[in-house]
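Before any comments, here is the structure.
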Amino acid sequence: MLVILLIYSKKEKPMLKMDGVCFLHRYHKQACIPRRQLDGLRWVTKGTERTPIYIQPNGKMIGTLVVRGPKASVSYEIKDGRPVFTVDVQATGSIIELLKNMPEKQIIEYATKTVKKEIEDLFQLGVKEGIDTLQLSNALYRQNVNDWPKYTTNGLVPLTKDTLGKINVKLSIDTYRKSKK
């Protein structure tokens, strides 16, 4: 079971701000990770309502795409005696700002690459830290409880760089809100 604890810091203003996330397994803390390293978590966490993707080809900001209600699902198949997982993400977005003309297809390609990279980076962080950041063990358990004990150690799928096979992202844009030429 993965429980996410939010770490808050109190800085200049007397407001609470999320600073990072602590990952637990069987009520023991595995690690606390700063928020700036967890961008991919927004794509696989239920309850994400709205999240921005800043369109920055070549490092220069040209627009903002706001993605609403991303839905993620995790599936697996057994290859070479080990589970290999696929993450599918579906979402719809709106362009709320576009400072330079760019075809919709190109915006979707850029946003899709951004989502894939964030999820891949989150997974690689999990491999490095020994944390199941994508809850792959939970997906294995939920989909086939009989396979779960065969492929887990202490309730977790052993993570390697090959544990995550594919990341599929299906992103569509439904409206353009504001454009400046």
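If the requirement is being in contact (Cβ under 8 Å) with a residue 12 or more places away in the chain, aromatic (Phe, Trp, Tyr) and open to solvent by 20 Å² or more (accessible area, probe 1.4 Å), which of these qualifies: Tyr141, Tyr110?
Just one listed residue meets the conditions, Tyr110.
Provide a single number: the residues in the stretch 62-76 that are over 30 Å from Leu156 (Cα atoms) and open to solvent by less than 70 Å² (accessible area, probe 1.4 Å).
6
Quick one: how many residues across the stretch 27-49 are part of a loop (DSSP other than H, G, I, E, B), open to solvent by 80 Å² or more (accessible area, probe 1.4 Å) and over 29 Å from Tyr151 (Cα atoms)?
Looking only at that region, the number is 1.
Is it the case, given these coordinates, that Lys79 is exposed (fewer than 12 other Cβ atoms within 10 Å of the Cβ), out of contact with any Gly (no Cβ under 7 Å at 6 or more places or on another chain) and under 30 Å from Lys150 (Cα atoms)?
yes
Please go through (1) among the polar types (S, T, N, Q); (2) touching a helix residue (DSSP H, G or I) at 6+ places or on another chain (Cβ under 8 Å); (3) at pLDDT 90 or above for Gln30 and return the number of the only condition it doesn't satisfy.
Exception for Gln30: condition (3).
Kindly evaluate Pro52 against the criterion of being modelled with pLDDT of 90 or more and open to solvent by less than 40 Å² (accessible area, probe 1.4 Å).
The answer is no for Pro52.
Checking the structure you have, find out if any residue of the stretch 83-106 is surrounded by 18 or more Cβ atoms within 10 Å (Cβ to Cβ), in contact (Cβ under 8 Å) with a residue 12 or more places away in the chain and of a type in the set (S, T, N, Q).
Looking for residues that are surrounded by 18 or more Cβ atoms within 10 Å (Cβ to Cβ), in contact (Cβ under 8 Å) with a residue 12 or more places away in the chain and of a type in the set (S, T, N, Q), one finds none in the stretch 83-106, hence no.
The values are calculated or read from the model by the stated rules, or taken from the named source; none is laboratory data. This one's a predicted model, so the numbers in the text were calculated from it and none came from an experiment. Quick reminder, even Gly has a Cβ in these numbers, built from the backbone with ideal geometry, and neighbours come from all protein chains shown. Heads up: the accessible areas ignore ligands, DNA and RNA and are worked out on the full protein's heavy atoms, side chains in. Shrake-Rupley method; radii C 1.70, N 1.55, O 1.52, S 1.80 Å.
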